[in-house]
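Structure first, commentary second.
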Amino acid sequence: MLALGFFAPRFAAETAPTVFIALAVLTVVFGVGVVVVGRRRSSPAETVEAVQTTVETVGTTSVRERLAKARATMSGAIATALTRSSITDETWDDLEESLLRADLGVATTTRVLQPLRGLVASKKITEPSQLVATLKDEMRGQLDKGPRKLNFDDSLQAPNIWLVVGVNGAGKTTTIGKLGAQQRKLGRSVLMAAGDTFRAAAGDQLQTWAQRSGSDFVRGAQGGDPSSVIFDGVARATAKKIDLVLADTAGRLQNNSNLMEELAKVRRVADKGEGKVTEVLLVIDATTGQNGLTQAVQFSEATQVTGVVLTKLDGSSKGGIVFAIESELGIPIKLVGLGETIDDLVEFDADEFVDALFV
Ligand SMILES: Nc1nc2c(ncn2[C@@H]2O[C@H](COP(=O)(O)OP(=O)(O)O)[C@@H](O)[C@H]2O)c(=O)[nH]1
Ligand SMILES: [Mg+2]
């Protein structure tokens, strides 16, 4: 202790200038570093992108950001593939692993990799970077089943009806809420029909969305016949010359009757009145994985699905199910849910989706 007390002041006096100089050097180096990084951030190309962002691509940027989780999953293994100096068995393992992790499923994974194996075997592709670029093209090619625009028949002298189906908790009611608010912004009048009579809370939830967006609202008794709620909704919309009926449905039923039979009936009854069903949207939770394909087949048989809404992509590292749904079933993915607010429902953009999955 004593020795320390004796040496410390001397040590400080002798080393102080050195420490000072070292600190000064550090400050300068760090300062230059900050300036360099700052400059890099505002390089010309990126400035242009930033300007465009404020004009048109606000949605795009946020979609990219919010797809970060999906991207992170794929890009790990793909980055590893890119670090290899040549295309080896491990490269194929890396790619396969990343595609399966993103939930493309075995069939789709095999299908997108098959042509690439041919190109590598015939030496048309020799570099890992070429391989990844071609994989990206191949994946884009699986997603060309447009049109993705929502069907709205302007010439109809009666309400357009958009039926929303899907399993419990997939995000049907939330999607109707967002969709209704967006359609109201487009200037269309909207009526929301609470065809999920399974829980009273489902009707309340939809009513809140209807009030928020300035939409009309129709509900029935709890446990009542969903078809009659939709029928009443269409009748009311016709009488009030409302443009669009958004029909919510249940993902499970009160009794043991078959959900698919019930939905088929809802669809028939909806078409029976004055209005016309111009869109049947199947809502699929992105975290569902390959089971989403089975759901798509079943719901499609019952209601002739015209488009898929993939929800919860903000919290999922999956979403690869969209490839199987489009390429195997030919049903276009029309919308993507990226959160719980009105602005969190965006049009599906295949190129952007594939881009987001890569580094
Ligand atoms: N993070 C996130 N949550 C969502 C999304 N869509 C729906 N949800 C949530 O998922 C839950 C179930 O949604 P709901 O609309 O009630 O499902 P429904 O049973 O199919 O009608 C709710 O907590 C919603 O807020 C989305 O795109 N992202
Ligand atoms: Mg619901």
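Please work out which residue is surrounded by the most Cβ atoms within 10 Å (Cβ to Cβ), limiting yourself to the range 196-211 and to residues that are under 24 Å from N151 (Cα atoms) and modelled with pLDDT of 95 or more. Among them, the one singled out is L206.
Only one residue in D232, D271 is modelled with pLDDT under 95, part of a helix (DSSP H, G or I) and not polar (S, T, N, Q). Which one?
Values: D232 fails: modelled with pLDDT under 95.
None of the other options fit; the residue is D271.
The one condition from (1) closer than 16 Å to V165 by Cβ; (2) out of contact with any Asp or Glu (no Cβ under 6 Å at 6 or more places or on another chain); (3) not aliphatic (A, V, I, L, M) that F348 does not meet is (1). With respect to being under 16 Å from G171 (Cα atoms) and out of contact with any Leu (no Cβ under 6 Å at 6 or more places or on another chain), A193 fits the description. Note on the range 201-227: among residues that are touching a Ser or Thr at 6+ places or on another chain (Cβ under 9 Å) and of a type in the set (S, T, N, Q), the one that is farthest from S155 (Cα to Cα) is Q222.
Given the criteria within 16 Å of ligand 2 (Cβ to nearest atom), in contact with an Asp or Glu (Cβ under 9 Å, 6 or more places away or on another chain) and at pLDDT below 95, does G337 qualify? Before you say what the answer is, go through the steps one by one.
Details: within 16 Å of ligand 2 (Cβ to nearest atom): yes; in contact with an Asp or Glu (Cβ under 9 Å, 6 or more places away or on another chain): yes; at pLDDT below 95: yes.
In short, yes.
May I ask you to verify whether A350 is more than 16 Å from ligand 1 (Cβ to nearest atom), over 30 Å from T238 (Cα atoms), of a type in the set (A, V, I, L, M) and in contact with a strand residue (DSSP E or B) (Cβ under 9 Å, 6 or more places away or on another chain)? The answer is yes for A350.
Of all residues in the range 318-331, none that is over 13 Å from T288 (Cα atoms) and touching a residue at least 12 places away in the same chain (Cβ under 8 Å) has its Cβ atom under 7 Å from the Cβ atom of a residue that is small (G, A, S) and assigned to a loop (DSSP other than H, G, I, E, B), 6 or more apart or on another chain. Considering the conditions (1) closer than 24 Å to G233 by Cα; (2) aliphatic (A, V, I, L, M); (3) within 13 Å of ligand 1 (Cβ to nearest atom), V305 is excluded by exactly one of them, (3).
Only one residue in L246, L259, L253 is within 15 Å of V277 (Cα to Cα), among the hydrophobic types (A, V, I, L, M, F, W, C) and within 16 Å of ligand 1 (Cβ to nearest atom). Which one?
The unique qualifying residue is L246.
Between K124, K136, the distinction of being surrounded by fewer than 12 Cβ atoms within 10 Å (Cβ to Cβ) and of a type in the set (D, E, K, R) belongs to K124 only. Tallying residues that are part of a helix (DSSP H, G or I) and near ligand 2 (Cβ under 10 Å from one of its atoms) within the range 178-209 yields 5.
The residues of the range 198-211 that are under 18 Å from S227 (Cβ atoms) and touching a strand residue (DSSP E or B) at 6+ places or on another chain (Cβ under 8 Å), listed by number, are A202, G203, L206. One residue alone among V266, V277, V190 is β-branched (V, I, T), within 26 Å of V322 (Cβ to Cβ) and in contact with a Lys or Arg (Cβ under 8 Å, 6 or more places away or on another chain), and that residue is V277. Please state which one of A181, A170 is touching a Ser or Thr at 6+ places or on another chain (Cβ under 9 Å) and crowded, with 24+ Cβ neighbours inside 10 Å. Answer to the selection: A170. Among the residues of the range 307-328, is there at least one that is surrounded by fewer than 21 Cβ atoms within 10 Å (Cβ to Cβ), assigned to a loop (DSSP other than H, G, I, E, B), of a type outside the set (G, A, S) and away from ligand 2 (no atom under 16 Å from the Cβ)? Scanning the range 307-328 turns up no residue that is surrounded by fewer than 21 Cβ atoms within 10 Å (Cβ to Cβ), assigned to a loop (DSSP other than H, G, I, E, B), of a type outside the set (G, A, S) and away from ligand 2 (no atom under 16 Å from the Cβ).
I need the full set of residues from the range 214-226 which are surrounded by fewer than 22 Cβ atoms within 10 Å (Cβ to Cβ) and either part of a helix (DSSP H, G or I) or at pLDDT below 95 (or both), in order please.
The first filter runs over the range 214-226 and keeps only residues surrounded by fewer than 22 Cβ atoms within 10 Å (Cβ to Cβ), leaving 214, 216-217, 220-225.
Residues satisfying the conditions are G220, A221, Q222, G223, G224, D225.
The values are calculated or read from the model by the stated rules, or taken from the named source; none is laboratory data. Please read all numbers here as calculations on a predicted model, not as lab measurements. Here Cβ is always computed from backbone atoms with ideal geometry, including for glycine, and neighbour counts include all displayed protein chains.
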